[in-house]
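Input: a single structure, listed below in structure tokens.
The values are calculated or read from the model by the stated rules, or taken from the named source; none is laboratory data. Note that the coordinates shown come from a computational prediction; the quantities given were computed from them, not determined experimentally. Cβ sites come from the backbone with ideal geometry, for glycine too, and all protein chains shown count toward neighbours. These accessible areas exclude ligands, DNA and RNA; they are computed on the full protein's heavy atoms, side chains included. Shrake-Rupley method; radii C 1.70, N 1.55, O 1.52, S 1.80 Å.
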Amino acid sequence: MKFFTRSLLVILTFSSMAHLVTAQTVEQGTWMIGGSAGFSSTKVKNVPASTNLDLSPKLGLFIIDDLAVGIGISFKSTSSDGSSNSTFGLGPFARYYLTNPIFVQGGVDLGLEDNSATSISLSLGYSWFIDNTVAIEPAFFFSSVNYDGESSDATVFGLSIGIQAFAGR
């Protein structure tokens, strides 16, 4: 319930901030180059702590005003109890600006290694344009992860921060 309340508060804040920014569309033909990064550390009583690092560069093209499609690469590293595991993935994504600067983005990340995970994600974010071509982008995300070779799946909720350059805008 606490997570839901905080999430709702941030979404309402993003929505109200949208009225402070001049409404401009991202035009067809604009390239989007950038990505996001995340870091987390988890400690549960009687379970070894884990540290996670996620890097996700992306390249996209706006095929119509406010709608981009592209491809992303993911690098995930997890360390726990003296051991570490790194995985790579690749997959398509699509982004649509509901109202500038608020966007929704969905994508698929296909693991490129044996026993890797495939995930489907959806995010709601805010593009804070520093100038006409660069934006800092906090976003809420939801991912459904399917681990190859295992009977368990995972659902992940979280926050990410990204930076994007918009070439040709």
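Details
- Any chance Y147 is more than 21 Å from N52 (Cβ to Cβ), touching a strand residue (DSSP E or B) at 6+ places or on another chain (Cβ under 9 Å), of a type in the set (S, T, Y) and surrounded by 15 or more Cβ atoms within 10 Å (Cβ to Cβ): no
- Close pairs (9 angstrom Cβ cut-off, 6 or more residues apart or separate chains): within 22 Å of S121 (Cβ to Cβ) and of a type in the set (F, W, Y) in segment 59-84, modelled with pLDDT of 95 or more and part of a strand (DSSP E or B) anywhere: F62/W31; F62/M32; F62/A68; F62/V69; F62/R95; F62/F166; F75/P57
- Out of S41, S36, sole residue that is assigned to a strand (DSSP E or B), open to solvent by less than 60 Å² (accessible area, probe 1.4 Å) and over 20 Å from E113 (Cα atoms): S36
- Any hit, segment 121-129, residues being in a strand (DSSP E or B), under 17 Å from K76 (Cβ atoms) and at pLDDT 80 or above: yes
- Flag for V26 being open to solvent by 50 Å² or more (accessible area, probe 1.4 Å) and out of contact with any Ser or Thr (no Cβ under 7 Å at 6 or more places or on another chain): no
- Residues of segment 124-142 classified as open to solvent by less than 20 Å² (accessible area, probe 1.4 Å) and under 15 Å from S56 (Cα atoms), total: 2
- Subset tally (residues that are open to solvent by less than 60 Å² (accessible area, probe 1.4 Å) and of a type in the set (D, E)) for segment 150-169: 0
- Residues of segment 132-169 that are modelled with pLDDT of 90 or more and not hydrophobic (A, V, I, L, M, F, W, C): T133, E137, P138, G162, Q164.
- Enumeration of residues in segment 64-93 that are open to solvent by less than 40 Å² (accessible area, probe 1.4 Å), of a type outside the set (S, T, N, Q), in a strand (DSSP E or B) and in contact with a Leu (Cβ under 9 Å, 6 or more places away or on another chain): A68, G70, G72, G89, G91
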